[in-house]
1. Quick one: 3J(HN,Hα) in Hz for the stretch 84-99, Karplus 6.51/-1.76/1.60 with θ = phi - 60°, rounded, Gly and Pro as x.
2. List every residue whose amide H lies under 5 Å from the amide H of Ile208, counting only residues 5 or more places away in sequence or on a different chain, with H placed 1.01 Å from N in the peptide plane.
3. Pulled fully out, how much extra length does the chain show between Arg77 and Ala136, if you take 0.36 nm times their separation in residues and subtract their Cα-Cα distance?
4. Can you figure out the FRET efficiency of Asn218 with Asp145, using R₀ = 25 Å and their beta-carbon distance, to the nearest 0.05?
5. So how much slack lies between Leu20 and Glu202, counting 0.36 nm per residue of separation and subtracting their Cα-Cα distance, in nm?
6. Once both axes come from the Cα atoms, what is the angle between helix 156-169 and the longest principal axis of the chain, in degrees from 0 to 90, rounded to 10?
7. Using modelled amide H (1.01 Å from N, peptide plane; none on Pro or chain starts), what sits under 5 Å from the amide H of Val71, excluding residues fewer than 5 places away?
8. In the chain, with Lys and Arg counted as +1 and Asp and Glu as -1 at Cβ, which of these residues, Ala181, Leu97, Ala148, has the Cα nearest the positive end of the dipole, that is, farthest along it?
Amino acid sequence: PSPGTPVLEVDHAVKRFGGLSAVQDVSFTVNSGEIVGLIGPNGAGKSTLFNLITGVNPATSGMVRILGRDVTRLPARTIHRLGVARTFQHVRLFPELSLLENAMMGGYARGRAGMAQSLLHLERREEAALQQAALAALQRVGLQDRAADRAGNLALGQQRLLEIARALTAEPALLLLDEPAAGLRYGEKAELSALLRRLREEGMTILIVEHDMDLVMNLVDRLVVMNSGQPLAQGTPAEVRANAAVREAYLGA
Ligand code: ADP
Ligand code: MG
């Protein structure tokens, strides 16, 4: 998509669990080439919103569109195939497998072979293409020299980078990151920030949930702030910092 066109549109999204409204009438857009931050205290509904976008949980009402297409009722696999890839709050890698094999896992849903089918069932030609995509993804995050290492040997910061590489193997239109800086040391956070800036320069579109306010405020183009399921504010980091409701409810200032 050309820069500035909507990649993700969340339109009056509501998610209820029994009597609890985990997401209550939330609307926002992420445009092509933008990094948008999704912030809010614990229980705000951020993960629930990620689950609506990725098809893990369907919305109770409202709509989610990817590249203009209504994906509200589509299954997670289909949404992944349409170009939405994510990382998880708690790293989910295969420690016994190589970095390359882990990165290749991100591409299965895009090919004819689904996640349920293993590497063994891929045709040789498909496997070669997938391996190329995975190597390119490892290169983008700076882990190409360790492609043959076991993922379990990586430090946490590198595991997070590998998770991003796995998501990039799918060549997504939208990258969703769930607290990618959690547990990282200062230097690792700086490396992560630099990577995300580089990806944006290459045209990637990113929605990031992150609690590290320094990192978020210095990285994102715009922010969406949630509180107890409600949309509290949206805007540039400067606008959000100056917002009285946000200061009171969240930033504690
Ligand atoms: P955040 O990620 O912002 O911390 P969540 O989206 O995880 O918040 O949770 C929002 C609210 O929805 C919380 O009150 C949480 O307990 C509730 N919730 C989340 N998932 C479920 C579920 N599967 N069933 C019932 N309640 C849930
Ligand atoms: Mg969460």
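Coordinate-derived values only; no laboratory data. All of these numbers come straight from a predicted model, not from anything done at the bench. Methodologically, a virtual Cβ is constructed for each residue, glycine included, from the backbone with ideal geometry; neighbour enumeration extends over all protein chains shown.
1. Result, rounded to whole Hz: 10, 10, 9, 10, 10, 4, 9, 3, 10, 10, 9, x, 7, 8, 6, 4.
2. Val36, Gly37, Leu38, Leu177
3. Between Arg77 and Ala136, full extension yields an extra 19.0 nm.
4. Between Asn218 and Asp145 the formula returns 0.30.
5. Taking 0.36 nm per residue and subtracting the Cα distance, the gain is 61.5 nm.
6. So the inclination is approximately 80 degrees.
7. Val64, Arg65, Ile66
8. Leu97
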